[in-house]
Amino acid sequence: MKNNKAKALLAQYKKGKVSPQERAELETWYNQQAVQNPSLKDHHDFAGALNELDEAFPFQTITKPVKIYRWTLIASAAAVIFCLSIGLYFYMDKAGAGKQLQFANDIKPGGNKAFLTLADGSKISLTDALDGAVAEQAGVSITKTKDGQLIYTVAQQDGAVDRNAGFNTIETPRGGQYQIKLPDGTQVWLNASSSLKYPAVFTGTTRTVELKGEAYFEVAKDKHRPFKLRSGKQELKVLGTHFNVSAYADDSQVKTTLLEGSVQVTGAEGSLPGKDLILKPGQQSQFSAAGLTVKMADTEEAVAWKNGYFKFNDEDIATILKKVSRWYDVDIQYEGKMTDKIFNGKVSRYGNVSEVLQILQLTGAIQFKIEGRRIIAMP
């Protein structure tokens, strides 16, 4: 991003008039500049701008002890990154600080892509469908908005609604995400390579949906009809709350992170026995073959994907590249023995994949090549 664009974004940023994508882009750009030029923080224009950013959009202070491992911090860049708690904060060695990766080709980030399967089996590409009415079924209208959201609107007259309308499924590919407003008003953000199955009309005494992959929920309150979410062998029961569930088939755990309200987590029928858990805000349950456990969570990390970021807390390279693979729709190949170092960082999901790879390589712990839609990781 060029300086003039950054200044224009900054002006809008301070007024609170930027999109999550623009905010993430601006913050990542500042930190990349700090890495390339450690004296940046001493330049009055940028230093003042950074202070204004912090005042306009206060970020949570990092209180977790910093793990240095075998790398040393670049003092000036760290001062900008840690003091303001914005953008990216990877640990770097001096030898790698000045290196810039050059790739023969690059890969753009994912976007609003999804498919909708109706109860009659017909399949609609939301990526290609025009904005506006997408379908009508059983007295329910389905509308696509220009900002990547699908909205269900139930007819006002009860008699106009078919209570046996069946189920719909929305699914995102690798490199896709989508937002949906369910017939009861519940808002759902669906991450890449995920699917949600739900009734076209909620009937009966519960509102039950099924998730594969990852999604963030803001459940509409209805004290007479609890909201139930099934993901693998785990089941959640809520009345109205905000939470994130990560339930990818290739992950060893289903993670549920609660931001607001309360959630009851239980193992579905056929899973290993274990007591049910009632989560409080700020807690995360982890469900695996060994049963259910609960711990305090980094809620910012849990919903970083929804807000346009990757955030890594003590994660190994395989876990990080799995997230990269889903969002950028790329395959990962490993050559040689991989580093056993763990990484901490925060970077925009809206830049090309090379931006993420460049920052990882600056740690000095790993190198990358891009061949087509394949990323090759090397020690």
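The values are calculated or read from the model by the stated rules, or taken from the named source; none is laboratory data. Given the structure is predicted, the values throughout are model-derived calculations rather than measurements. Don't worry about glycine lacking a Cβ; one is built from the backbone with ideal geometry, like all the others, and counts go over all protein chains shown. Remember, those area values only see protein heavy atoms, side chains included, never the ligands or the DNA or RNA. Shrake-Rupley method; radii C 1.70, N 1.55, O 1.52, S 1.80 Å.
Yes or no, residue by residue, for (1) among the charged types (D, E, K, R); (2) over 15 Å from Gly185 (Cβ atoms); (3) touching a Leu at 6+ places or on another chain (Cβ under 8 Å):
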{"position": "Glu210", "(1), (2), (3)": "yes, yes, yes"}
{"position": "Gly213", "(1), (2), (3)": "no, yes, yes"}
{"position": "Glu218", "(1), (2), (3)": "yes, no, no"}
{"position": "Lys221", "(1), (2), (3)": "yes, no, yes"}
{"position": "Gly232", "(1), (2), (3)": "no, yes, no"}
{"position": "His242", "(1), (2), (3)": "no, no, yes"}
{"position": "Val245", "(1), (2), (3)": "no, yes, yes"}
{"position": "Ala249", "(1), (2), (3)": "no, yes, no"}
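Residues that are in contact with a strand residue (DSSP E or B) (Cβ under 8 Å, 6 or more places away or on another chain) and without any contact (Cβ under 8 Å) to a residue 60 or more places away in the chain within region 333-364 comprise Gln333, Tyr334, Glu335, Gly336, Met338, Val356, listed in sequence order. Residues considered: Gly159, Gly121. Of these, the only one that is in a helix (DSSP H, G or I), modelled with pLDDT under 95 and out of contact with any helix residue (DSSP H, G or I) (no Cβ under 9 Å at 6 or more places or on another chain) is Gly159.
Within region 121-135, being free of Cβ contacts under 8 Å to residues at least 40 places away in the same chain and in contact with a strand residue (DSSP E or B) (Cβ under 7 Å, 6 or more places away or on another chain) holds for Lys123, Ile124, Ser125, Ala129, Asp131, Gly132, Ala133, Val134, Ala135.
For the subset of region 186-206 comprising residues that are modelled with pLDDT of 95 or more and outside any strand (DSSP E or B), which member is most open to solvent (accessible area, probe 1.4 Å)? Filtering first and then ranking leaves Ser193. Taking region 265-379 as the region of interest, the strands (runs of 3 or more DSSP E) fully inside it that hold 1 or more residues being of a type in the set (Ser, Thr, Tyr) and surrounded by 20 or more Cβ atoms within 10 Å (Cβ to Cβ) are 283-288, 309-315, 343-348.
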